[in-house]
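The values are calculated or read from the model by the stated rules, or taken from the named source; none is laboratory data. For clarity, every value in this text was computed on a predicted model and none was experimentally measured. Glycine also receives a Cβ, built like all others from the backbone with ideal geometry; neighbour counts cover every protein chain displayed. The accessibility values were calculated without ligands, DNA or RNA, using every heavy atom of the protein model including side chains. Shrake-Rupley method; radii C 1.70, N 1.55, O 1.52, S 1.80 Å.
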Amino acid sequence: MSAATAHEHAEAHGGHDDHHEHHDPFWKKYIFSTDHKVIGIQYGFTSLVFLAFGFFLMMVMRWSIAYPDRAVPLLADWPWFQAWLDDGGKVTGDLYNMFGAMHGTIMVFLGIVPLAFGAFGNYVTPLQIGAPDMAFPRLNMASYWLYLLGGALMFVSFFLPSGAAKAGWTNYSPLATTTDLHYGDLFWTGQTQWLVAMALLISSSLLGAVNFICTIINLRCKGMTWMRLPFFVWAMLVTGFLLLLAFPPLEVAAIMQLMDRLAGTSFFVPSGLNVSGMAFDAAGGGSPLLYQHLFWFLAHPEVYVLILPAIAIVAEIIPCNTRKPLWGYKTMVYAVMVLGFLAFIVWAHHMYITGMGPAISTFFQTTTVLISVPSVILITSLLISMWGGSIRFNTPMLFATAFIPMFGIGGLTGLPLAFSLPDLHLHDTYYVIGHFHYVVAPGTIFALFAGIYHWYPKITGRMMSSKLGHLHFWPSLIFMNGIFSPMFFQGMAGFHRRAFDGGKAYEQISQQIFAEPNTFFANIAEMLHVIDADAPLRMIDLNLVTSGSAWLLAVFQVPFIINLFLSVFIGKKVSSDNPWNATTLEWATPTPPPHGNFAKEPVAYRGPYEYSVPGAPRDFTPQFETDPSLTAGSEHDSEPSEEIILSAH
Amino acid sequence: MADAHELTKTKKSFAAVGIALLVFTVVTVTIGLAPIFDFGPPGPDGMDFVLGLAVATVKASLVALIFMHLNHEKGLIYKILLFTVLFATGLMVLTLFADIDPIREQFDTLQTTRGWLTEKP
Amino acid sequence: MEIPYEVTPRRDTGLYNAKLGIWLFLASEVMLFGGLFSAYVFMRLGIQDGVDNPWPWGVSVHKNFVWLGAINTIVLIASSVGVVFAWVALKERNWRRYQIYMYFVVACAVVFMCIKTVEYNSKLNHHHGIKLVDNSVMEGTILNKTDRISFKGEKLTFSLNGALPAVLRDLEGDAFPKFKVTEGPEGTVGVEIQSLSQFKGWFADSRRAASERLTEERKRFRGELAGGAANPKPVSVVSSVTLTAAEPFGLSGSPRKIVAHTETALNYKDGVKVEGKLVNDDVLFEVHEVDLQLVLPTKQRDSVVWSVINDEHAKQQFFTSQSKKYQELLEYYKKHGGVIPEEQLRGRFLNVQYVHVAAEGHEGEHGKEDKHADVHTSQSNPTAGGGEGEGKHGPSKHIAVARDKIKFMGNHGPRYGTYYAIYFTMTALHGLHVIGGALVLLFFVVFGKKLYLKNPEHLANRVEVGGLFWHFVDLVWIFLFPIMYLL
Ligand code: HEM
Ligand SMILES: [Cu+2]
């Protein structure tokens, strides 16, 4: 296909499509759409709803932790809660377990991944590589609907007699195999439905992953060579591979656990298992460890699925707002590839206490430490990118900037967990909860917020309010830290995770003193009415700090929600298609981009981050801008040849 | 590959591979059943496993290379498959290693039942 | 809008979209089956001798299935060849030949699935095993077609808080027993229930009512607490109900759902209690083989299995045949130097032997049978595949096995052990792939004409992509066949 004909082709079709689009009925345009942008928005909304729901579950849990012997306010009279609260209206262990397991599951599989990969990936990737859509638009739609179905099942499972799954988001066997087995209808128990829903979600992710990789490899526009891909696209490519290759083993685990539950097999049921004092009726001979291996083979790469898109979003926002190129672009690309590779061989660092011997655990300790190198490279590059820039601190940049130290804390606190010796102490304590939440909550979530603020003008044609943005950002930053930083201290003191009374039962641990009376922290706590005057601040009192912060964090999401919805109607209209003066291809499209994306076939003439190029007329030179010096004389009448495109820079 | 000559050649190679696969199937079954492949003592035989898998691997490569014409593909697919196979092997091998690590040997029940060895059944 | 590279390959990657897509998908399939194969290896090697169920290994176990598997291998290979020829036919623009090859492929898939069904059916319906309390195992057939507990129920007691009682699934006969509510929260007592649908409606209503009462009670309780009462009256809501049947109804209780049973009561795991009378809980069994792999050799002669079988002759048969094989081993190891290794001593070669428990009046044949027994045990297992050699032995006695002697029982379905579990999981998953692939290929041939006329290359691409998937399915089977059937 020669360049010229391709161009005409695209134009002809673009025109035709525009015309066509007006006739598409509503349901086809917005519901069963095959347009990657609509699907991206669908993903976005659904996952935000799930994030809010997961957050709600967590707020109930935090009540139980903070006030283990007080009735939950507001909820005690809801009919659904009758089965799960005790007589005094307090959260029961069962309810805590259910909410804990579902909080984890929903946040990871229905919230963050779909938002980061499904929503941003879908919306931005094809635009950034100059493609008219994803390679398989209908698969893309199927992927969203499978996700929605899986999510709906997860949600519906709360209303089954057995309630939703209760065995943790890790769903370890044999606990997960043996819970709720007494129900007559095993299929319709929460624990089984968790597996079914996961199978749907996994299928959805697989379709998505195939589609993304294909799109990135095959649909790059003219001139978009590998090293001209924005970093975001690279991250999506690696994420795609992580999903593609890591999810199937979890699917295997889910199928096997499903067989264990429904067909009575013993994949994960060891010989001689006793449940509630009775011999468990199964042949035995299986291995619970096998489940853990299969699970973590997915779940470690999964944490990179949670974090890579976040880093990538930040990597788009930082150069744009510092008006400087991304520092070490190539290094970052190689780092992300190495990271993707190593992600597959570190999984057993979650299993140090399962009795692995020294040889194999040395292997996993080594790879785990190795994988921190590329992670640090990524973060350091981002940090250096800011050095000496004239930074525009708009809302996306605020979130992007905060991301770096927050992710940094999360990452650095992970190092002790990489070694089996400290991990023996820290495993399954609040330290771990603090560690990975720093990565995913103030880390990934902040990056996702940044992304929303950043691309909102492209999606809607209007800016989000920056006042509300500030009102969203600063309290969120404070309360996120209020929630998660105490967890490190509690964890090191020995607070066990998944304890519905917040550690109250273990007095030796919970009564330890965190700060003596009238010291700095004790004074603050006193001011906040967490402790009485002149009392020491005990470890268990930190629960109140955390819980209070969590509820306040919820309050300060209100400005964001208002901003998100109202700005569609009353936000400031953008004055151009490229309001941030950014360089990547998505800003070359009309606003909002029509079905088919580009008005004119896009061509990439240069690398993705050409900010403040010496000698250039402006402080940014978009990828899609022809270079006058190279195409001089033939500017407007003919397409530049492939050679010229490729040799530009 | 569109010209007729090429296609005839392809057809021939497909047929040849088909026949080879059938032959190998017979070999596999023979390995399992026939006593000539029983190297060890009476009873089931570990050597069968090795031979059987070796033959299966040959068959699989034939299918992959000729039927799935991997032999005509460019490097990209090889790269993808290479990593896939690498990770799949990693999953299998590392999982196994984690399980047969010496620390667990001590608890192996074999040790506790060794006593009766001296007796004849 | 048109998506580029849908039909023609992109120059730098050499691939059109769908081909790249299918290869990526196959990569994920490699990981899927890679995970399953890893599980296979992990479980097979992870078996602890003497503790876990032994892996039934070697051909001896599934001799009759080997042939089915081998035929299926050939069928799949033929179909694979068919797909490539169909593709070539398209390239040559020969629609007729394309059709023939494609239908041939689909037919192969059908044959494959039929053979699979035969195999499953035989494993699920004709082969059973019972593991007794000392881990000795009897292989054979459960005859009363029910490992279930027959019971005449009179009264049901259950709670209104949970799900529908599991016992409803175990009711015998079509007619729903006539119940009357004799105890329960006020308002429900005296209600008569005639049918299942009525039961469900009544249950849902009563459950809602019970939950509302609970809400009220709890509100009161919390109110009193908040009002400062030190010891408020505890929440008490009747939610347990008892139904009495007009006349005793038949139940065949699933042992997996029942925690305990006595002469007069069945207790279900979900808390439902049935009162009435036990009819029979014995399991009628025809023994073909005794498996003592999990019993220490020193204890084999006193194993529970012999008291259950209660036939001195069968016992002798077992040990005679065992000692013959022991001689064989001894000889072998003498020739090759060394002692018999432990695995051999504990393995199935020595510890699984055919026995025949003759029905009354047929003892006279015993003398002959010993010889037969040897012939069979040294190469094959008469239970596998059913039928082989059984006719020669005259009728067998059906022994009744008391339930308290049984540790575990079942057919050779996925429950029976890790081998059966992985066998069924992997072959079923593979079967689903076969069905899926065949449907897609069928679609290409039935509805392909239009595309063929419009753009034959596009159809050829589709067939190529479908074929790639099909070959992958074949490739998986190439490994499944030896590891599941042969080795
Ligand atoms: C900002 C909001 C969040 C707060 C305050 C929060 C809080 C909590 C709390 C209190 C627990 C339970 C600890 C325990 O009892 O063991 C928990 C568990 C967990 N959270 Fe979050 N979380 C938040 C966001 C997230 C996000 C964004 C993710 C996901 C990516 C996530 C993933 C998890 C997981 C996987 C668990 C473990 C569940 C389990 O024990 O099985 N959380 N979180
Ligand atoms: Cu990890």
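Structure summary
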| read-out | value |
| --- | --- |
| Search result, residues across segment A:190-202 that are out of contact with any strand residue (DSSP E or B) (no Cβ under 9 Å at 6 or more places or on another chain) and touching a residue at least 60 places away in the same chain (Cβ under 8 Å) | A:Thr192, A:Leu195, A:Val196, A:Met198, A:Leu201 |
| Out of A:Leu245, A:Leu298, A:Leu258, sole residue that is of a type outside the set (Lys, Arg), part of a helix (DSSP H, G or I), touching a residue at least 40 places away in the same chain (Cβ under 8 Å) and within 9 Å of another protein chain (Cβ to nearest Cβ) | A:Leu245 |
| Members of segment C:341-383 found to be surrounded by fewer than 18 Cβ atoms within 10 Å (Cβ to Cβ), at pLDDT 65 or above and among the charged types (D, E, K, R), listed by number | C:Glu342, C:Glu343, C:Glu360 |
| Subset tally (residues that are among the charged types (D, E, K, R), more than 9 Å from ligand 1 (Cβ to nearest atom) and within 15 Å of A:Met487 (Cα to Cα)) for segment A:403-446 | 0 |
| Filter result for C:Tyr16 (more than 9 Å from chain B (Cβ to nearest Cβ), modelled with pLDDT of 90 or more and under 22 Å from C:Gly413 (Cα atoms)) | no |
| Verdict on A:Phe268 being more than 30 Å from A:Trp455 (Cα to Cα), within 24 Å of the chain's Cα centre (by Cα), surrounded by 24 or more Cβ atoms within 10 Å (Cβ to Cβ) and more than 7 Å from every other protein chain (Cβ to nearest Cβ) | no |
| Single match in A:Val49, A:Val113, A:Val124 (criterion: away from ligand 2 (no atom under 16 Å from the Cβ) and either more than 17 Å from A:Phe158 (Cα to Cα) or crowded, with 24+ Cβ neighbours inside 10 Å (or both)) | A:Val124 |
| Residue list for segment A:353-367, restricted to those being more than 22 Å from A:Val238 (Cα to Cα) and buried (at least 22 other Cβ atoms within 10 Å of the Cβ) | A:Met356, A:Ser361 |
| Residues within segment B:83-97 that are farther than 14 Å from A:Ala343 by Cβ, aliphatic (A, V, I, L, M) and open to solvent by less than 20 Å² (accessible area, probe 1.4 Å), tallied | 1 |
| Test: residue in segment A:331-349 that is over 21 Å from the mean Cα position of the chain (by Cα), within 16 Å of ligand 1 (Cβ to nearest atom), surrounded by 21 or more Cβ atoms within 10 Å (Cβ to Cβ) and within 14 Å of chain C (Cβ to nearest Cβ) | no |
| Close pairs from segment A:82-108: first touching a residue at least 40 places away in the same chain (Cβ under 8 Å), partner within 16 Å of ligand 2 (Cβ to nearest atom) and among the polar types (S, T, N, Q), Cβ under 9 Å, at least 6 apart | A:Ala101/A:Thr170; A:Gly104/A:Thr170 |
| Some residue of segment A:375-393 being under 30 Å from B:Leu96 (Cβ atoms) and more than 16 Å from ligand 1 (Cβ to nearest atom) | yes |
| A:Gly100 vs. criteria away from ligand 2 (no atom under 16 Å from the Cβ), away from chain C (no Cβ under 13 Å) and touching a Phe, Trp or Tyr at 6+ places or on another chain (Cβ under 7 Å) | no |
| Residue in segment A:560-571 that is within 16 Å of ligand 1 (Cβ to nearest atom) and open to solvent by less than 50 Å² (accessible area, probe 1.4 Å) present | yes |
| Positions within segment C:196-212 being more than 10 Å from chain A (Cβ to nearest Cβ), open to solvent by 40 Å² or more (accessible area, probe 1.4 Å) and not polar (S, T, N, Q), in sequence order | C:Leu196, C:Lys200, C:Asp205 |
| Segment A:189-243, residues that are open to solvent by 20 Å² or more (accessible area, probe 1.4 Å) and among the basic types (Lys, Arg) | A:Lys222 |
| Selection from segment A:301-322 of residues that are of a type in the set (Val, Ile, Thr) and either within 11 Å of ligand 1 (Cβ to nearest atom) or not in a helix (DSSP H, G or I) (or both) | A:Val303, A:Val305, A:Ile307 |
| Residues that are small (Gly, Ala, Ser) and within 11 Å of C:Val238 (Cα to Cα), drawn from segment C:182-198 | C:Gly184 |
| The one condition in (1) at negative phi; (2) modelled with pLDDT of 50 or more; (3) not charged (D, E, K, R) that C:Gly338 fails to fulfil | (1) |
| Where a residue in segment C:404-425 is touching a residue at least 60 places away in the same chain (Cβ under 8 Å) and within 10 Å of another protein chain (Cβ to nearest Cβ) and its partner, wherever it lies, is among the β-branched types (Val, Ile, Thr) and open to solvent by 20 Å² or more (accessible area, probe 1.4 Å), with Cβ under 8 Å and at least six apart | C:Lys407/C:Val133; C:Thr418/C:Ile47; C:Thr425/A:Ile255 |
| Pairs with Cβ under 9 Å, 6+ apart, first in segment C:285-296 and under 15 Å from C:Ile406 (Cβ atoms) and open to solvent by 10 Å² or more (accessible area, probe 1.4 Å), second of a type in the set (Asp, Glu) and in a strand (DSSP E or B) | C:Asp291/C:Glu139 |
| Which numbered condition B:Phe87 misses (of (1) at pLDDT below 90; (2) at the interface with another protein chain (Cβ under 7 Å from one of its Cβ atoms)) | (1) |
| Selection count where residues are away from ligand 1 (no atom under 16 Å from the Cβ) and either assigned to a helix (DSSP H, G or I) or closer than 18 Å to A:Tyr430 by Cβ (or both), scope segment A:505-540 | 18 |
| Residues being within 11 Å of ligand 1 (Cβ to nearest atom) and under 14 Å from A:Phe489 (Cβ atoms) - total across segment A:541-553 | 2 |
| Residues of segment A:59-92 satisfying the condition of being assigned to a helix (DSSP H, G or I) and away from ligand 1 (no atom under 11 Å from the Cβ) | A:Pro79, A:Trp80, A:Phe81, A:Gln82 |
| Qualifying residue in segment C:219-237 (condition: without any contact (Cβ under 8 Å) to a residue 12 or more places away in the chain, closer than 25 Å to A:Pro161 by Cβ and surrounded by 14 or more Cβ atoms within 10 Å (Cβ to Cβ)) | yes |
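For every residue, the table says whether it meets (1) more than 27 Å from A:Ala283 (Cα to Cα); (2) at pLDDT below 95; (3) open to solvent by less than 40 Å² (accessible area, probe 1.4 Å); (4) part of a loop (DSSP other than H, G, I, E, B).
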| site | (1), (2), (3), (4) |
| --- | --- |
| C:Asn72 | yes, yes, yes, no |
| C:Val106 | yes, no, yes, no |
| C:Met113 | yes, no, no, no |
| C:Asn121 | no, yes, no, no |
| C:Gly140 | no, yes, yes, no |
| C:Lys145 | no, yes, no, yes |
| C:Phe151 | no, yes, yes, no |
| C:Val167 | no, yes, yes, no |
| C:Glu186 | yes, yes, no, yes |
